[in-house]
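Chemist: Just dropping this structure here.
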Amino acid sequence: MRCTYNRWSNFNVTTAQLEIAGKDGPNRSLRYLDTNNVAPRLGITYMLTSDRKTVLRMGFGSSFVEAGQGGGQLYKNLPFFYSNVLATDQNAAPVLRLSQGLPAPAPPDAGNRAQLSGGNPNAWDYRLRSTNTLQWSLGIQREILTDLLFDVTYVGTRTLGLISNINVNQSVPGPGAQPPRRPYFAINPNVTNITYRTNMGAAKYHSLQGRVEKRARGGLTMSLAYTWSHYLANGGNINGGGNSPPQDARCYRCEWGSMPEDRRHVAVFNHVWELPFGRGRRFVSTGLGSWLIGGWNVNGIWSMATGEHFTPGLAAAVSNSAGGGGDRPNRIADGNLSKGSRTIDRWFDLGAFATPAQFTFGNAGRGILVGPGNFNVDAGIHRQFPIGERYKVTFRWEMFNAFNRANFGLPNTALGNPQAGQISGTAPARIQQAALKFVF
């Protein structure tokens, strides 16, 4: 991939200099292409019993993806991406009026390599690889009754080469000014934070998934699914849109831990029930009564899950290191309180953590604390009112969080903050909506 007009640049983390497409670097792409991505697939199905009601299924697949990182592409570097700032004082006369227009930004000098190589550049690994995901599964499915199906499956995933952001110029913890403690200060004192995108991350996921499904019969369809899983990674909040740098850019393994989505137990029950009244149904199928009380359907989704994992932090940093992902405390005990001990005012044990010595990082891992569980019911009532043979009116009444249950959010995690350990937010309260649709 390359820019037709060479309007992008990459920061070389070896020379600490910005390289412009078409002028510097190994090629116009300013990256070497990853061309050896072989993605095989294999699936096997085997009938285990002579009654053809029990099936063994297994599979394996490998896939690759090129992460976009839309906020940090190579065009967002000097000399092609820049801005001017107009500072104003609310107590003084304005320096400009909108009617006068805004002055055109002054472009940087494309020939001044020292000026271009300063600031906070985006840097991409010249030998960046495509992220590789391996997935495998093994499961058994059994037809218990004509309309009742049961299956249980193990599903595993291993992801290698996740693209994560690292500030390779993060200052080393210590006293005094930041610049002299930055690794690149000796060769380029003008550069501050270097957001380096490389294949530093990895992830793994293991799960046992069970499902019971009742197929449509007598107007009733329902299923119950349960998943036990464990999800670990050392990248940012991959699925949550966040990709913050590690606490210490020199310790990737210190970031390995449970991700926020690592809800250990999840159960979901859903159903659609056509009430047995009205035309074409078991009771009151004719006459005025069928029109008045017939045609109603009730559906719902009942979901239950254990809590998200979260990470303790410090309200006031002690490392005096700039450009990292935030300081964490030292962990001296588990930190998770028993079910009978935790409240929304004290969700985790503050005494299980201590402030690290000055100019050091804490040893607390990521995702070591577990937040509140979740129980939610979404329900709906639907009905069709036929008007002759050609027209009908559809009525829908839907409720989200039908029981109006308070599903609490995560607590304040900043040790040293007066609100640390306290929960102050919930998921949305019950929402209801109704609609009528005329079909012709």
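Chemist: Among Pro329, Leu33, Ala352, whose Cα lies farthest out toward the positive end of the dipole of the chain, if unit charges sit on the beta carbon of Lys, Arg (+1) and Asp, Glu (-1)?
Modeler: Towards the positive end, the residue furthest out is Leu33.
Chemist: Let me ask something else about it. Largest first and in whole Å, what are the equivalent-ellipsoid semi-axes of region 188-266 based on the Cα gyration tensor, each being the root of 5 times an eigenvalue?
Modeler: 42, 13, 8
Chemist: Related question: Output ³J(HN,Hα) for region 361-375: one whole-Hz value per residue in order, computed from phi by the Karplus curve 6.51 cos²θ - 1.76 cosθ + 1.60 with θ = phi - 60°, and x for Gly and Pro.
Modeler: So the J values, rounded to whole Hz, are 9, x, 9, 5, x, 8, x, 8, 10, 10, x, x, x, 9, 9.
Chemist: For Arg197, Arg331, what's the fewest-to-most ordering of other Cβ within 10 Å of each Cβ?
Modeler: Ordered from fewest to most neighbouring Cβ atoms within 10 Å, Arg197, Arg331 come out as Arg331, Arg197.
Chemist: Let me ask you something else. Along the Cα→Cβ direction, 7 angstrom out, place labels at Ser244 and Trp228. What is the inter-label distance in nm?
Modeler: With each label placed 7 Å out from Cα toward Cβ, I get 3.2 nm.
Chemist: Oh, and also: Any chance you could tell me what percent of the C-alpha pair distances in region 185-338 go past 22 Å? Before the final figure, lay out the partial values.
Modeler: Values: 7577 of 11781 pairs.
Taking all Cα-Cα pairs of region 185-338, the fraction more than 22 Å apart is 64 percent.
Chemist: For Asn407 and Leu350, compute 0.36 nm times the residue count separating them, minus their Cα-Cα distance, and round to one decimal in nm. Working shown, then result.
Modeler: Details: separation 57, 0.36 × 57 = 20.52 nm, distance 2.25 nm.
Between Asn407 and Leu350, full extension yields 18.3 nm more.
Chemist: What FRET efficiency, computed as 1/(1 + (r/R0)^6) with R0 = 22 Å and r the Cβ-Cβ distance, is obtained for Phe375 and Trp397, rounded to the nearest 0.05? Walk me through the numbers on the way to the answer.
Modeler: Values: r = 22 Å, r/R0 = 0.99.
The value I calculate is 0.50.
Chemist: To continue, here is another question. Per the chain: cysteines with no other Cys C-beta under 4.7 angstrom?
Modeler: Cys3
Chemist: I would also like to ask the following. Which of Leu102, Leu220, Leu149 moves most in a GNM of the chain, Cα contacts under 10 Å?
Modeler: Leu102
Chemist: Compute the label zone of Ala317 within region 345-389: residues whose backbone N is under 14 Å from the point 7 Å along Cα-to-Cβ.
Modeler: 359-362
Chemist: In addition: Helix-only estimate, please: 222 nm mean residue ellipticity of the chain, summing -39500 (n - 2.57) across DSSP H runs of length 4 or more and dividing by its residues, to the nearest 500.
Modeler: Values: 2 runs with 11 residues, N = 440.
That comes out to -500 deg cm²/dmol.
Chemist: Extending each Cα 7 Å along its Cβ direction at Gln422 and Gln100, get the distance between those two points in nm, one decimal.
Modeler: About 4.8 nm, to one decimal.
Chemist: Then there's this: So how compact is the chain: Cα radius of gyration and Dmax in angstrom?
Modeler: 29.2, 91
Chemist: Sticking with this one: Using the beta-carbon distance between Arg7 and Leu134 and R0 = 60 Å, what value does 1/(1 + (r/R0)^6) give for FRET efficiency, to the nearest 0.05? Working shown, then result.
Modeler: Working: r = 37 Å, r/R0 = 0.61.
Calculated value: 0.95.
Chemist: Please report, for the Cα atoms of region 119-192, the Rg to one decimal and the Dmax as a whole number; what are they, in angstrom?
Modeler: Looking at region 119-192, its Cα Rg and Dmax stand at 24.9, 75 Å.
Chemist: Let me ask something additional. Give me Lys392, Lys339 ranked fewest to most by other Cβ atoms within 10 Å of their Cβ, as a rough exposure proxy.
Modeler: On the way: Lys392 15, Lys339 7.
The fewest-first ordering by Cβ neighbours comes to Lys339, Lys392.
Chemist: For Lys437, which lysines qualify as cross-link partners when the Cα separation must be under 21 Å and same-chain residues fewer than eight apart are set aside?
Modeler: Cα-Cα hits under 21 Å: Lys392.
Chemist: Over its Cα atoms, what ratio of radius of gyration to 2.2 N^0.38 Å does region 1-47 give?
Modeler: Values: Rg = 18.7 Å, N = 47, 2.2 N^0.38 = 9.5 Å.
Here the Cα radius of gyration is 1.97 times the empirical estimate.
Chemist: Which percent of Cα pairs goes in each bin when the distances of region 289-434 are cut into 10 angstrom slices starting at zero?
Modeler: Final binned percentages: 10, 28, 20, 15, 11, 8, 6, 2, 0.
Chemist: Which of Pro121, Pro246, Pro175 moves most in a GNM of the chain, Cα contacts under 10 Å?
Modeler: Of Pro121, Pro246, Pro175, the Gaussian network model singles out Pro175 as fluctuating most.
Chemist: Above 21 Å lies some portion of the pair distances; for region 66-156, what is it as a whole percent of all C-alpha pairs? Kindly include the intermediate steps, with their values, before the conclusion.
Modeler: On the way: 2738 of 4095 pairs.
Roughly 67 percent, once rounded to a whole number.
Chemist: Taking the Kirkwood radius as the inverse of the mean 1/r across Cα pairs, report the Rg/Rh of region 32-94.
Modeler: On the way: Rg = 28.4 Å, Rh = 18.8 Å.
Using Cα coordinates only, the ratio equals 1.51.
Chemist: Add +1 for every Lys or Arg and -1 for every Asp or Glu among the other residues with Cβ under 12 Å from the Cβ of Ala402, and state the total.
Modeler: Details: positive: Arg405, Arg430; negative: Asp378, Glu398.
Summing Lys/Arg as +1 and Asp/Glu as -1 gives 0.
Chemist: Further question on the same structure: Taking the Cβ-Cβ separation of Lys437 and Asn270 as r and a Förster radius of 22 Å, what is the calculated FRET efficiency to the nearest 0.05?
Modeler: Values: r = 23 Å, r/R0 = 1.04.
For Lys437 and Asn270, the calculated efficiency is 0.45.
Chemist: Right, next: When the distances between all Cα atoms of region 350-440 are binned every 5 Å from zero, what whole-number percent does each bin get?
Modeler: Pair shares across the bins are 3, 10, 13, 12, 10, 9, 8, 8, 6, 6, 5, 4, 3, 2, 1, 0, 0.
Readers should treat all values here as calculations from the given coordinates under stated rules, not as data from a laboratory. Just so you know, these numbers come straight off a predicted model, no measurement behind them. Backbone-built Cβ (ideal geometry, glycine too); neighbour counts: all protein chains shown.
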